[in-house]
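Taken together, the values in this text are just the output of simple stated rules run on the coordinates, not laboratory data. Computed from a predicted model, the values in this text were never measured in an experiment. Note: ideal-geometry Cβ built from the backbone for every residue, glycine included; neighbour counts use all protein chains shown.
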Ligand SMILES: [Zn+2]
């Protein structure tokens, strides 16, 4: 018997297909959130490089304005990208409960969805 839902797994009902798609969308959203977090963490770990760069520029008595502005712009971009990510479960900001971003947390600060969900049946 052919299903009216078009291409998909054989014997899959419309409800199963919708559930599979929504699960997939949720996993993709969580991956995007995790990538945003990783970018800001990498930026955070480059802080010693930035400080060394400022130090070297100051020792040579050169301008540091552009260097600082570029670094701050990169930081701000990644932080805003991370802050604007919404949880696929509750729809609220994933990392922001109040004004601060928690870089270390790996789950939604509102509903507790982990960034990497354990697929059902493995636990
Ligand atoms: Zn949530």
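Please verify whether residue 55 is assigned to a helix (DSSP H, G or I) and surrounded by 15 or more Cβ atoms within 10 Å (Cβ to Cβ), treating the condition exactly as stated.
On the way: assigned to a helix (DSSP H, G or I): yes; surrounded by 15 or more Cβ atoms within 10 Å (Cβ to Cβ): no.
No.
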Has segment 85-100 got any residue that is in contact with a strand residue (DSSP E or B) (Cβ under 8 Å, 6 or more places away or on another chain), surrounded by 13 or more Cβ atoms within 10 Å (Cβ to Cβ), at negative phi and part of a helix (DSSP H, G or I)? no
For segment 59-84, which residues satisfy the criterion of being away from the ligand (no atom under 16 Å from the Cβ) and surrounded by 12 or more Cβ atoms within 10 Å (Cβ to Cβ)? 64, 67, 68, 71, 74, 75, 77, 78, 79, 80, 81
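Restricting to segment 94-105, and then to whatever is touching a residue at least 12 places away in the same chain (Cβ under 8 Å) and under 16 Å from residue 36 (Cβ atoms), can you tell me which residue is farthest from the ligand (Cβ to nearest atom)? Before the answer, list the steps.
Taking segment 94-105 as the starting set, the residues that turn out to be touching a residue at least 12 places away in the same chain (Cβ under 8 Å) are 94-97, 101, 103.
Subset that is under 16 Å from residue 36 (Cβ atoms): 94-96, 101, 103.
Values: 94: 6, 95: 10, 96: 11, 101: 15, 103: 17 Å.
Residue satisfying both the conditions and the ranking: 103.
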